[in-house]
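Heads up: the structure comes next, in structure tokens.
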Number of protein chains: 2
Amino acid sequence: MKDMGVTKSEKFTEEQNKIARMTKAIGHPARIAIIQYLFSIDSCVCGDIVNEIGLAQPTISQHLKELKSVGLIKGSVEGTSVCYCIDYHNWSLMKNLLSPILNLDAATLNKCC
Amino acid sequence: MKDMGVTKSEKFTEEQNKIARMTKAIGHPARIAIIQYLFSIDSCVCGDIVNEIGLAQPTISQHLKELKSVGLIKGSVEGTSVCYCIDYHNWSLMKNLLSPILNLDAATLNKCC
DNA sequence: ATCTTTCATTGCAAAGTTACGATAAACACA
DNA sequence: TGTGTTTATCGTAACTTTGCAATGAAAGAT
């Protein structure tokens, strides 16, 4: 068969797809933990994240890659280690993307059930 | 092998798991579209949602089930049809759950990369 | 130059997700 | 009772995600 197991993005607006990409990216507890950690610490070396979270190093590396692929974090090589940080510009863009949905009003909401 | 393909929820706090469950639930364009639609319309019959979104009826039914399982929507049977609505109480709880993360401050953010 | 440290990539196993046809269940209506 | 309508569930196919051991790659240390 043809399109099994694949999201049909073409059925939705670009905005809907963007919102879903972002919420999906943060839709895992490890990635939430990573984001909280990156907001909380001074130095953001990859190895520290591995110790903090408690998953295997390749697993963390993969989660970091996903967060990076949607732009929420960025990394820079510093010797043998890599420093990861929140990309606050893109983090703000995500907030602006989500707020119109999150703040949809209860006033306009029909009470049919 | 043992725990392949399964999220290790026990490694994270209850709050982190809750946030991830919620963001994951809205991490699909069809479910974003359903939520937007339910906020926008007066009558919220399941069949209307199927027509609006453009995916097959069983697929929509499955997405509705997922949104319902995290409490973001609720449904009530009305004759042969089912009326789905936003559960605004839980929607607000989700907003309260997300805002501490979304509003993490750039001021406290270390600029190491 | 060799060893060590740090992180990314590869490869793989197991489970989850997405989508839909077919079917069942529940109700309305003739 | 039988027929049509509406939605949920089942079964299945294909793709995606999660996690980790093993391996690579790249830079610092000895």
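The values are calculated or read from the model by the stated rules, or taken from the named source; none is laboratory data. Bear in mind the structure is a predicted one, so any value in this text is a computation, not a measurement. Here the Cβ positions follow ideal geometry from the backbone for every residue, glycine too, while neighbour counts run over all protein chains shown.
Just to be sure, is residue B:26 touching a residue at least 12 places away in the same chain (Cβ under 8 Å), within 15 Å of DNA strand D (Cβ to nearest atom), under 20 Å from residue A:9 (Cα atoms) and of a type outside the set (Ser, Thr, Tyr)? Talk me through it step by step, then tell me what you get.
Numbers: touching a residue at least 12 places away in the same chain (Cβ under 8 Å): yes; within 15 Å of DNA strand D (Cβ to nearest atom): yes; under 20 Å from residue A:9 (Cα atoms): yes; of a type outside the set (Ser, Thr, Tyr): yes.
So residue B:26 fits the description; yes.
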Evaluate the following for residue B:20: is it touching a His at 6+ places or on another chain (Cβ under 6 Å) and facing chain A (nearest Cβ under 8 Å)? yes
Which residues, taken from region A:1-17, are within 8 Å of chain B (Cβ to nearest Cβ) and either of a type in the set (Phe, Trp, Tyr) or in a helix (DSSP H, G or I) (or both)? A:9, A:11, A:12, A:16, A:17
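Of everything in region A:32-45 that's more than 11 Å from DNA strand C (Cβ to nearest atom) and more than 13 Å from the chain's Cα centre (by Cα), which residue is modelled with the lowest pLDDT?
Step one: of region A:32-45, the residues more than 11 Å from DNA strand C (Cβ to nearest atom) are A:32-42.
After this cut, where a residue has to be more than 13 Å from the chain's Cα centre (by Cα) as well, the list is A:37, A:39-42.
Details: A:37: 96, A:39: 94, A:40: 93, A:41: 89, A:42: 77.
Here the answer is A:42.
For region B:47-58, what are the residues that are in contact (Cβ under 8 Å) with a residue 12 or more places away in the chain and either at the interface with chain A (Cβ under 9 Å from one of its Cβ atoms) or closer than 22 Å to residue A:106 by Cβ (or both)?
Filtering region B:47-58 down to residues in contact (Cβ under 8 Å) with a residue 12 or more places away in the chain leaves B:47, B:49, B:52-53, B:55.
Matches in region B:47-58: B:49, B:52, B:53, B:55.
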Residue pairs qualifying under the 7 Å Cβ cut-off, at least six apart or on distinct chains, with the first in region B:62-80 being within 17 Å of residue B:30 (Cα to Cα) and more than 8 Å from DNA strand D (Cβ to nearest atom) and the second being hydroxyl-bearing (Ser, Thr, Tyr) and modelled with pLDDT of 95 or more, are B:73/B:84
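Residue-by-condition table, conditions (1) within 12 Å of DNA strand C (Cβ to nearest atom); (2) surrounded by 13 or more Cβ atoms within 10 Å (Cβ to Cβ); (3) not in a helix (DSSP H, G or I):
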residue	(1), (2), (3)
A:47	yes, no, no
A:50	yes, yes, no
A:60	yes, yes, no
A:71	no, yes, yes
A:83	yes, yes, yes
A:91	no, yes, no
A:96	no, no, no
A:108	no, no, yes
